[in-house]
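Student: This is the structure, below, for whatever I ask next.
The values are calculated or read from the model by the stated rules, or taken from the named source; none is laboratory data. All figures in this text were calculated on a predicted structure; none of them were measured in a lab. We place every Cβ from the backbone using ideal geometry, glycine too, and count neighbours over all the protein chains shown. Ligands, DNA and RNA are excluded from the accessible area calculation, which covers all protein heavy atoms including side chains. Shrake-Rupley method; radii C 1.70, N 1.55, O 1.52, S 1.80 Å.
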Amino acid sequence: MKRYLIGRVGQALLVLWGAYTITYFILYLLPGDTLAIMLSASGMEADGLSPEDLAKARAYYGLDRGLFEQYFDLLWRAVHGDLGQSLSLGRPVTALLAERLPQTLALAGLAIVLSLLGGVGLAYLTAYLQWRPLKTALTRLPSLGFSVPVFWMGLLLIQVFAFGLGWFPATGSQGFASLVLPAVTLAIPSAAVYAQVLQRGFQGVWQEPYIATAFAKGLSRAQVQARHGLRNAALPLLTLIGLQVGNTVSGAVLVETIFSRNGVGRLAQEAVLRQDIPVVLAVVAVSAAAFVLVNLIVDLLYPWLDPRIAHTAKVS
Amino acid sequence: MSQPPLIEVRDLSVSYRFAGQQTQAIRGLSFSLQQGETLAIVGESGSGKSTLANALLGLLPGNAHIDQGELRVAGVDVAKAGERARRALRGRTVALVPQDPMVSLNPTLRVGQQIAEALQLAHRRRYPALDSEVLELLAQVGLDEPALRARQYPHELSGGMRQRVLIAIALAGDPRLIIADEPTSALDVTVQRRILDHLQRLVAERGISLLIITHDLGMACDRADRLLVMKHGELVEHASPRQVLWGSQQPYTRDLLNAAPAFVPRRRPGPPAGQAPLLRLSNVGKRFALPGQAAPFTALHDLSLDVYAGQTLAIVGESGSGKSTALRIALGLEAPSEGRVEFAGEDVTGYSWRAFRPLRRRIQLVQQNPFAALDPRFTVFDSIVEPLVSFGLLKGEALEQKARDLISRVQLPVQFLDRLPKELSGGQRQRVAIARALALEPEVLLLDEPVSALDVSVQAQILALLEALQRDLGIAYVLVSHDLAVVASMADQVLVLRRGEVVEQGAALQVLSQPQSSYTRELIAAIPGYSRSVLPVAV
């Protein structure tokens, strides 16, 4: 087990480094002069400066050095916890993240909880119901859930619950009430995927001979589903949750823009537009770390959910 | 017999509705079962015997419908009772020992929990003695170290042990009737026999009635007080085992009895003297390294065998005997740890995949499960010609002609070439698998339990086909089987394996009629229906 963990942490570090590096080089290959962008951000025109001043500024920011030199410099400092200065905002990236990250974590966390509750609940209900028409209707529901675009769903929710009913604020990032609509918007596509997969899982599990064994014991339908069905049907779901976390991060970009929340998603979007390399790199690193961490947790949960899987060497 | 019968079925008809079509599974069936009696229902696939078991438990699938009749279990008419009444019967009055122990236990719950659940239901609550009763039940069904077993998960137990756990679950509710649905068909013969003996003893001690559902007439005759023979949902015969064995009146029962290969070793001339063997394994052994253990696991030790053209060598053994390893080594899929493999005089022991490839044309395999051995998306034509295409031998019209030849060789109509495996029965699929193996005109055919997944009457047809092919084409067979009756009807040479060691080896007639080792004798005695070959009638 210890060896497995060390191996997995090693893999996680490799993934982080890969994400960081690939992002860096992609950003570098984009057309555009970093210095010009920085200058325009502070209200100056690059054309208005003399070549000497430009060269001086370039040297000051370390932009005159080679591609790899800059890369190693950034990487070295990142390893030591210094993610650099934002080029457009002129503040340390770590401070920016510290300010924005809690917002996004609260949003993503709530969205994940809601999507699990919604998705698992819907699938569980579908599997339990026996009245054909309703069962069929509930089986179709998930495909509706992930075919509706996030931005449209967001606008619809604002229209109904903020402008129509006035239950929740339409925009902003103050208080729990402002979190509800964005979290619901973000949760719907994931919930739909979970529901779809779990519905299939239940369909398969109901055919298993051990379900017949359970019924033959004299258990009721509800007992069979809770004790023998759910855990077996939920096995594929665990892997999916790990993968969906990645989607939650990209979903946060959209949702934070729609609801004008000050989160990492919006920070990332703005940073990409301004080619603010240190900020983009930091956001990518943070989301990669979250992704890797969640997947590690998922893999550690697997043997607990399915005893047939063991991470230690096993003798048959 | 003053007390009312435990089960009384009167004029029962059950049908399935599927895709707008109605199929009759049971037609007008009537029978009764007394407390303490053992009744066997015998039939081939599609005879409606499993539908009957499900109907008795009130567990018919949603698309099944009881059209008419009564189905009284302990006085309750299951056909008309509500779900609550049916549930009260399950476990406490009628218990089930299901067909395939490998998949009939919940893989994510400990064995002890699954038994405790049944006990708790029977007592309607949790109670202090629960854990000790679980251990007691585990001991009663003959499992060693009950405390350890209770903590284990199903995947940590063998098939036989899982079947014992399932019997413990069935006993937990202290039922009046146990329905055993093909209880041991997925297990090795000697394990089968021990478990059935054990089940019958437990049932007799407690005065529980037993309803055995099986396709094996021999086994049914050994075990039951009375037999019901079913065909296409109808009752064909209702008789005692003695009546069946002494000459049944019903042609269908006679057919079933005759279809089962009789345990009579055949006599055939051996290979002509001086002929070189086609396939020769000399002192072959295989060891597997186990993770976390210093000593390797010996799967096979010192195996030597010769296979001659036109002859059949049978390898007999139970699971874990090393027979599959021997097959894989003979096929060149696995390299032996020691010893040599020769094919047609050529030493192929250290051959690479590429070097072995030309030889693959000459040695082919027919697998055990015809339901899984064919690609479900390939038509029969695609499956049959695939070996020819992958060796680039034939094209166009010649390929189609060859496919037509092959399909008629295995006695299937030429129209079957366009069908998909799901449209074929088990026996037809096995014929297709044989046709595919024959496509490259091999000299040696490895048959891995070729008929064990098939109904008895179909088994007989496939065995006859294999026999005819060998006579016409002079192919050598290596037959791997646990069914000594099949072995007796086909083999010239027999090799008995146990835990990787050769127990006995020699001419079929000698090994099967005068077995030297006690293990071989045990295997022979475990043949279901073996007792009938001792009866003074020629069946």
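Student: Could you check A:PHE168 against (1) out of contact with any helix residue (DSSP H, G or I) (no Cβ under 6 Å at 6 or more places or on another chain); (2) in a loop (DSSP other than H, G, I, E, B) and say which number it fails?
Tutor: (1)
Student: Which residue, of B:LEU512, B:LEU479, B:LEU497, B:LEU465, is among the hydrophobic types (A, V, I, L, M, F, W, C) and closer than 15 Å to B:GLN411 by Cβ?
Tutor: The conditions single out B:LEU465.
Student: In region B:378-430, what residues are in contact with a Pro (Cβ under 9 Å, 6 or more places away or on another chain), in a helix (DSSP H, G or I) and open to solvent by 20 Å² or more (accessible area, probe 1.4 Å)?
Tutor: B:LYS422, B:GLN428, B:ARG429, listed by residue number.
Student: Kindly establish whether B:ALA118 is assigned to a helix (DSSP H, G or I) and within 9 Å of chain A (Cβ to nearest Cβ).
Tutor: yes
Student: Identify all residues within region B:175-199 that are touching a Lys or Arg at 6+ places or on another chain (Cβ under 7 Å) and either at positive phi or not in a helix (DSSP H, G or I) (or both); write none if there are none.
Tutor: Matches in region B:175-199: B:PRO175 only.
Student: On the basis of being surrounded by 22 or more Cβ atoms within 10 Å (Cβ to Cβ), at pLDDT below 90 and more than 8 Å from every other protein chain (Cβ to nearest Cβ), does B:PRO128 make the cut?
Tutor: no
Student: Another question, if that's okay. Keeping to region B:491-527, report how many residues are crowded, with 22+ Cβ neighbours inside 10 Å and closer than 21 Å to B:ALA330 by Cβ.
Tutor: Looking only at that region, the number is 10.
Student: Limited to region B:368-377, what total is found for residues that are surrounded by 14 or more Cβ atoms within 10 Å (Cβ to Cβ) and modelled with pLDDT of 85 or more?
Tutor: Summing the residues that are surrounded by 14 or more Cβ atoms within 10 Å (Cβ to Cβ) and modelled with pLDDT of 85 or more in region B:368-377 gives 2.
Student: Follow-up question, since we're still on this one. For residues that are within 14 Å of chain A (Cβ to nearest Cβ) and touching a Pro at 6+ places or on another chain (Cβ under 9 Å), scanning just region B:276-324, find the one that is least open to solvent (accessible area, probe 1.4 Å).
Tutor: Looking at residues that are within 14 Å of chain A (Cβ to nearest Cβ) and touching a Pro at 6+ places or on another chain (Cβ under 9 Å), I get B:LEU290.
Student: Now a separate question. Mind checking whether some residue in region B:81-94 is under 16 Å from B:ARG164 (Cβ atoms), out of contact with any His (no Cβ under 7 Å at 6 or more places or on another chain) and modelled with pLDDT of 90 or more?
Tutor: No, region B:81-94 contains no residue that is under 16 Å from B:ARG164 (Cβ atoms), out of contact with any His (no Cβ under 7 Å at 6 or more places or on another chain) and modelled with pLDDT of 90 or more.
Student: On to the next question. Could you say which residue among A:GLN174, A:GLN159, A:GLN196 is modelled with pLDDT under 90, away from every other protein chain (no Cβ under 14 Å) and either in a helix (DSSP H, G or I) or crowded, with 23+ Cβ neighbours inside 10 Å (or both)?
Tutor: None of the others qualify; the one that does is A:GLN159.
Student: Which ones in region A:68-106 are surrounded by fewer than 13 Cβ atoms within 10 Å (Cβ to Cβ) and acidic (Asp, Glu)?
Tutor: A:GLU69
Student: Cβ-Cβ under 8 Å, sequence separation 6+ or interchain: first residue in region B:449-478 and more than 23 Å from B:ILE363 (Cβ to Cβ), partner surrounded by 21 or more Cβ atoms within 10 Å (Cβ to Cβ) and of a type in the set (Val, Ile, Thr). Which pairs?
Tutor: Note: pairs meeting the criteria are B:LEU454/B:ILE462; B:VAL458/B:VAL451; B:GLN459/B:VAL451; B:GLN459/B:VAL486.
Student: Yes or no: B:ARG92 in a loop (DSSP other than H, G, I, E, B), among the basic types (Lys, Arg) and within 14 Å of another protein chain (Cβ to nearest Cβ)?
Tutor: Yes; evaluated as a whole, the condition is true for this residue.
Student: For region A:211-287, which fully contained helices (runs of 4 or more DSSP H) count at least 2 residues that are at pLDDT below 85?
Tutor: Passing ranges, in order: A:235-258, A:264-273.
Student: Turning to a different aspect of this structure: Which of the residues that make up region A:236-262 are within 14 Å of chain B (Cβ to nearest Cβ) and either free of Cβ contacts under 8 Å to residues at least 12 places away in the same chain or in contact with a Phe, Trp or Tyr (Cβ under 8 Å, 6 or more places away or on another chain) (or both)?
Tutor: A:LEU237, A:LEU238
Student: Taking region B:445-461 on its own, how many of its residues are within 14 Å of B:ARG429 (Cβ to Cβ), assigned to a helix (DSSP H, G or I) and open to solvent by 20 Å² or more (accessible area, probe 1.4 Å)?
Tutor: 2
Student: Which one is nearest to B:HIS198 (Cα to Cα) among residues in region B:138-155 that are open to solvent by 50 Å² or more (accessible area, probe 1.4 Å) and away from chain A (no Cβ under 14 Å)?
Tutor: This residue is B:GLN140.
Student: Taking the residues in region A:221-263 that are hydroxyl-bearing (Ser, Thr, Tyr) and open to solvent by 40 Å² or more (accessible area, probe 1.4 Å) as candidates, determine which candidate is farthest from the chain's Cα centre (by Cα).
Tutor: Of everything passing the filter in region A:221-263, A:SER260 is farthest from the chain's Cα centre (by Cα).
Student: Something else about it: Take the residues in region A:204-213 that are touching a helix residue (DSSP H, G or I) at 6+ places or on another chain (Cβ under 8 Å) and more than 7 Å from every other protein chain (Cβ to nearest Cβ); name whichever of them is farthest from A:GLN244 (Cα to Cα).
Tutor: A:ILE211
Student: Among the residues of region B:168-189, are any out of contact with any Asp or Glu (no Cβ under 7 Å at 6 or more places or on another chain), among the polar types (S, T, N, Q) and more than 13 Å from chain A (Cβ to nearest Cβ)?
Tutor: yes
Student: If B:ARG176 meets every condition in (1) in contact with a His (Cβ under 9 Å, 6 or more places away or on another chain); (2) at pLDDT 90 or above; (3) more than 27 Å from B:SER45 (Cβ to Cβ) apart from one, which number is that one?
Tutor: The failed condition is (1).
Student: Output yes when any residue across region A:295-312 is crowded, with 19+ Cβ neighbours inside 10 Å and either out of contact with any Gly (no Cβ under 6 Å at 6 or more places or on another chain) or not β-branched (Val, Ile, Thr) (or both), and no when none is.
Tutor: Checking region A:295-312: at least one residue is crowded, with 19+ Cβ neighbours inside 10 Å and either out of contact with any Gly (no Cβ under 6 Å at 6 or more places or on another chain) or not β-branched (Val, Ile, Thr) (or both).
Student: Can you tell me which residue among B:LEU105, B:LEU57, B:LEU109 is in contact with a Pro (Cβ under 7 Å, 6 or more places away or on another chain) and at the interface with chain A (Cβ under 9 Å from one of its Cβ atoms)?
Tutor: Within the list B:LEU105, B:LEU57, B:LEU109, the selection yields B:LEU105.
Student: All but one of (1) surrounded by 17 or more Cβ atoms within 10 Å (Cβ to Cβ); (2) within 12 Å of chain B (Cβ to nearest Cβ) hold for A:GLY201, so report the exception by its number.
Tutor: With respect to (1) surrounded by 17 or more Cβ atoms within 10 Å (Cβ to Cβ); (2) within 12 Å of chain B (Cβ to nearest Cβ), A:GLY201 is out only on (2).
Student: Cβ-Cβ under 6 Å, sequence separation 6+ or interchain: first residue in region A:56-84 and acidic (Asp, Glu), partner open to solvent by 100 Å² or more (accessible area, probe 1.4 Å). Which pairs?
Tutor: none
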